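The values are calculated or read from the model by the stated rules, or taken from the named source; none is laboratory data. Note that the structure is predicted; figures quoted are calculated from it, not measured. Here the Cβ positions follow ideal geometry from the backbone for every residue, glycine too, while neighbour counts run over all protein chains shown. Note: accessible area is taken over every heavy atom of the protein model, side chains too, but ligands, DNA and RNA are not part of it. Shrake-Rupley method; radii C 1.70, N 1.55, O 1.52, S 1.80 Å.
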Amino acid sequence: LAVLLARRSPKDPLPYRRFFRMLPSFSAEQNALVFQTRWLNHQLTSADHLLHRYLEQKANELYAHQDECLVRELRRLLRKSLASKRCTLTDIASQFCMHERTLNRRLHAAGTTFRSELEEVRYEVARQLLAKSAMPLAKIATALEYADVTAFIRAFNRWSGISPGQWRIHNMSQ
C-alpha cells in the first residue's frame, strides 16, 4: 500500500519507483512497508521449515548469550563503580542506557539480581584486597561501600563462613 523511506528524496526517484513498483514517500519518520494485515496470515510456498527451525534455534542462542554478556558487563561496571562510589542501581542502569526496571527484568531473565551481583563483586574485591594488601578492614569496608566495619565483617562471614581476619591469615599461609 505504501513505502516509507527516512531519507531525502533523490534527484532521480525512478530506480525506487521501479524497484517498489510505486513511488515511495521520502523524508518519512521511519522506514516501513505498509500492507494489508491479511498478508500476515499468508503461507509462503517457498518457506523452508528446517531452515526456520535452525535460525530460530540460533536466535535463541544469541538471546541467551546476550544475557550472559549483560551479566559480565554488569560485573565489570560494578567493580569500576565501587572505586568511584557510584554503585547504585540507578547509576548502573544509566550506564547501560536503560531504566532500572528494564535492567532488573533483564537480570531476572538471566537468573540473577542486581543485589546478588553486587554482593558477588564485593566478595571478589574483598578477597583480592585481603590477599594482596595490608589494608585495614575499616578501609576495605569503606572501599566496598559498607556503613562500617561491622557490616563488612558480617557480610564476609555470610559469604565465606569465616571472618575477614581469619580468611587473610589462612590465605597468607598458603
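Within region 30-59, how many residues turn out to be part of a loop (DSSP other than H, G, I, E, B), surrounded by fewer than 10 Cβ atoms within 10 Å (Cβ to Cβ) and in contact (Cβ under 8 Å) with a residue 24 or more places away in the chain? Talk me through it step by step, then tell me what you get.
First, pick out the residues of region 30-59 that are part of a loop (DSSP other than H, G, I, E, B): 30-31, 35-36, 42-48.
Add one more test, that the residue is surrounded by fewer than 10 Cβ atoms within 10 Å (Cβ to Cβ), and what stays is 30, 36, 42-47.
Cutting the leftovers down to in contact (Cβ under 8 Å) with a residue 24 or more places away in the chain gives us 30, 36.
So the answer is 2.
Checking the conditions here, which among LEU82, LEU77 is assigned to a helix (DSSP H, G or I), open to solvent by less than 60 Å² (accessible area, probe 1.4 Å), in contact with a Leu (Cβ under 7 Å, 6 or more places away or on another chain) and not β-branched (Val, Ile, Thr)? Spell out the reasoning first.
Details: LEU77 fails: in contact with a Leu (Cβ under 7 Å, 6 or more places away or on another chain).
One residue alone meets the criteria, LEU82.
Going by what's in this entry, would ILE153 be described as of a type in the set (Val, Ile, Thr), open to solvent by less than 70 Å² (accessible area, probe 1.4 Å) and in a helix (DSSP H, G or I)?
Yes: the conditions hold for ILE153.
Counting just the residues of region 156-165 that are out of contact with any Ser or Thr (no Cβ under 9 Å at 6 or more places or on another chain), of a type outside the set (A, V, I, L, M, F, W, C) and farther than 13 Å from GLU124 by Cα, which one comes out most open to solvent (accessible area, probe 1.4 Å)?
The selected residue is ARG158.
For region 156-169, which residues satisfy the criterion of being in a helix (DSSP H, G or I) and either of a type in the set (D, E, K, R) or at positive phi (or both)?
Answer for region 156-169, where residues must be in a helix (DSSP H, G or I) and either of a type in the set (D, E, K, R) or at positive phi (or both): ARG158, ARG168.
May I ask you to say which residue of GLU68, GLU100, GLU56 is within 15 Å of the chain's Cα centre (by Cα), over 27 Å from SER160 (Cβ atoms) and not aliphatic (A, V, I, L, M)? Steps first, answer last, please.
Working: GLU68 fails: over 27 Å from SER160 (Cβ atoms); GLU56 fails: within 15 Å of the chain's Cα centre (by Cα).
After ruling out the rest, the residue left standing is GLU100.
So, in region 105-156, exactly how many residues are polar (S, T, N, Q) and in contact (Cβ under 8 Å) with a residue 24 or more places away in the chain?
1
I'm checking my understanding of the structure. Among residues of region 60-74 that are of a type outside the set (A, V, I, L, M, F, W, C) and either farther than 19 Å from GLU124 by Cβ or touching a helix residue (DSSP H, G or I) at 6+ places or on another chain (Cβ under 7 Å) (or both), which one is surrounded by the most Cβ atoms within 10 Å (Cβ to Cβ)?
Out of the qualifying residues, it is ASP67.
Do you know which of the residues in region 134-150 that are hydrophobic (A, V, I, L, M, F, W, C), in a loop (DSSP other than H, G, I, E, B) and open to solvent by 50 Å² or more (accessible area, probe 1.4 Å) is farthest from LEU82 (Cα to Cα)?
Among those residues, the one meeting the criterion is ALA134.
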